[in-house]
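Undergrad: Before I ask anything, let me first share the structure, which is written out below as structure tokens.
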Amino acid sequence: MPPSVAICAPLVGGVESVISDRYELRVHRGEVLGDERAVSDFIGDADAAITLLFNPVGETVLRSCPALRVVANCAVGFDNIDLDSARSRQLWVTNTPDVLTDATADLTLALILATTRRIVEADRFLRAGRFDGWKLDMMLGRGLQSKTLGIVGFGRIGRAVAQRALSFGMRVVWTDTSSVVEYDLPAERLDLDQLLRCSDVVSLHCPLTDSNRHLLDEERMRKLPSGAFVINTARGPLVDEQALVRLLKEGILGGAGLDVYESEPSVEAELLDREDVVLLPHIGSATEETRTAMAKLAVDNVVAVLEGHDPPTPVVRPTLR
Ligand code: DGY
């Protein structure tokens, strides 16, 4: 019997055939597998699973799927997977880094521009028939030149955002909890507190962990300069959405650009009503090229493990091999 692979939601770019040519394949095409019971029922006795960021993979899944050798997440983030349980089960866990760096950094800049220049609001204004002629004081936004962008998380995506922001004439400061990586950019490292106090725009690019939930809570966001903008293309729970709404209402913040949400796919109702917020449906990596590359990398990871090799982009590796 060939090994079997369970793909928890359809992939793109025709890459599923790479699996079906070699292995037994099943693909879940129905309603989202959004809880552990549904995920484990679907994966069952498969040898490998490709998961997406909305498929929770915790102790329950890993206990109920005894044949699993690899969980290949089709995302760079892996906060949907319980890594400790995967380690104790001696599994491979893989993700899809690098291939989505540029797409996500591009979208971050799009959100920075959309919020500071009121682009979505201006589009709504025109469609509502309110554009009755050019005026000097119409739809004034904020310029980015000489403003400070604070980047929280200076990994691949954070650095790609820095590069783009520098070309817009922004000053870039950054913070990271890990000892970063060499980089060749005119950007200054600060601690989080210093960064918040000087950032006209703060943009999050760190993974979600148990310790950084509500990294931007009310107290921290109050440290931002008056009228600052909050941009989040990382993970929703990094920002306290209730506090964000309060600070927007008070006029302490100038606006927010969000691609991710605390209780995704639900969006805080009060955010939906605000003109100073741009809300996107988690499309940071959503280009045809990037999503195809992500799907291909997830498949490559699975094939490598099933053929007895190390996968190209491991997050967790079995230690007893
Ligand atoms: C990821 O990869 O973690 C993004 O959130 C989706 O591209």
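The values are calculated or read from the model by the stated rules, or taken from the named source; none is laboratory data. Here the structure is a predicted model, which is why all the values come from computation and not from measurement. Cβ placement follows ideal geometry from the backbone for every residue including glycine, while neighbour counts extend to all protein chains displayed. For accessibility, only protein heavy atoms count, side chains too; no ligands or nucleic acids. Shrake-Rupley method; radii C 1.70, N 1.55, O 1.52, S 1.80 Å.
Undergrad: How many percent of the accessible area of segment 256-321 is carbon or sulfur, using a 1.4 Å probe?
TA: Taking all protein chains in place, segment 256-321 shows 52 percent carbon and sulfur surface.
Undergrad: Let me ask something additional. Taking the alpha-carbon distance from LYS296 and a cut-off under 13 Å, which aspartates and glutamates remain once sequence neighbours fewer than 8 residues away in the same chain are dropped?
TA: GLU16, ASP98, GLU288
Undergrad: Check LEU25: other-chain or 5+ apart residues with amide H under 5 Å from its amide H, H built from backbone geometry?
TA: Excluding prolines and chain starts, which carry no amide H, the hits are VAL5.
Undergrad: Sticking with this one: Would you please name the trypsin sites (Lys or Arg not before Pro) within segment 1-98 that are DSSP coil residues with at most 16 other C-beta atoms within 10 Å of their C-beta?
TA: Passing both the DSSP loop test and the Cβ count: ARG22, ARG29.
Undergrad: Which lysines, on any chain, are close to LYS147 with Cα under 20 Å apart, when same-chain ones fewer than 8 places away are left out?
TA: Filter leaves LYS223.
Undergrad: While we're on this one: For the chain, what are Rg and Dmax over the alpha carbons, in angstrom?
TA: 21.3, 72
Undergrad: Moving on to the next point. Find the accessible area per residue for the chain; the probe is 1.4 Å, ligands and nucleic acids are left out, and the unit is Å².
TA: Numbers: 15220 Å² over 321 residues.
Value returned for the chain: 47 Å² of accessible area per residue.
Undergrad: Using Cα pairs under 8 angstrom and six or more residues apart, how large is the relative contact order of the chain, in percent?
TA: That works out to 19 percent.
Undergrad: Taking 0.36 nm per residue of sequence separation and subtracting the Cα-Cα distance, how much length would be gained by fully extending the chain between GLU182 and LYS249, in nm to one decimal?
TA: Length gained between GLU182 and LYS249: 20.1 nm.
Undergrad: Give me the percent of DSSP beta bridges within the chain that run antiparallel, rounded to the nearest 5.
TA: Numbers: 2 of 42 bridges.
Antiparallel bridges make up about 5 percent of those DSSP assigns within the chain.
Undergrad: Out of the total accessible area of segment 143-245 (probe 1.4 Å, heavy atoms of protein only), what percent is carbon and sulfur? Write out the running numbers ahead of the final one.
TA: On the way: 2030 of 4440 Å².
Roughly 46 percent, rounded to a whole number.
Undergrad: Which far-off residues, 5 or more places away or on another chain, put their amide H under 5 Å from the one on GLY254, with H placed in the peptide plane?
TA: Result for GLY254 returns GLY227, ALA228, PHE229.
Undergrad: Can you name the helices of the chain, as whole DSSP H runs, whose Cα span along the helix axis is 24 Å or more and whose Kyte-Doolittle mean is not below 1.0?
TA: Numbers: long enough: 288-306 (27 Å, 0.51).
Helices passing the filter in the chain: none found.
Undergrad: If I model a spin label at VAL32 and SER17 as a point 7 Å from the Cα along the Cα→Cβ vector, what separation in nanometres do I get?
TA: Result for the modelled spin labels: 3.0 nm.
Undergrad: While we're on this one: Nothing charged except the Cβ atoms of Lys and Arg (+1) and of Asp and Glu (-1): what's the magnitude of the dipole of the chain about its Cα centre? Round to the nearest 20 debye.
TA: The dipole magnitude comes to about 580 debye.
Undergrad: How would you rank 162-170, 100-108, highest first, on the average number of other Cβ atoms within 10 Å across their residues?
TA: 100-108, 162-170
Undergrad: Which residues make up the longest stretch of the chain clear of GluC sites (Glu not before Pro) that lie in a DSSP loop with no more than 10 other Cβ atoms within 10 Å, not counting the sites?
TA: Segment 32-181 is the longest.
Undergrad: Could you give the size of the charge dipole of segment 101-279 about its Cα centre, using +1 on the Cβ of each K and R and -1 on the Cβ of each D and E, expressed in debye and rounded to the nearest 20? Could you put the intermediate results ahead of the total?
TA: Numbers: 22 positive and 28 negative charges, 117 e Å.
That gives a dipole near 560 debye.
Undergrad: Also, quick follow-up: Per the Cauchy relation, a quarter of the hull surface: what is the mean projected area of the convex hull of the alpha carbons in segment 1-90, in nm²?
TA: Details: hull surface 22.4 nm².
Averaging across all directions leaves 5.6 nm² for the Cα convex hull.
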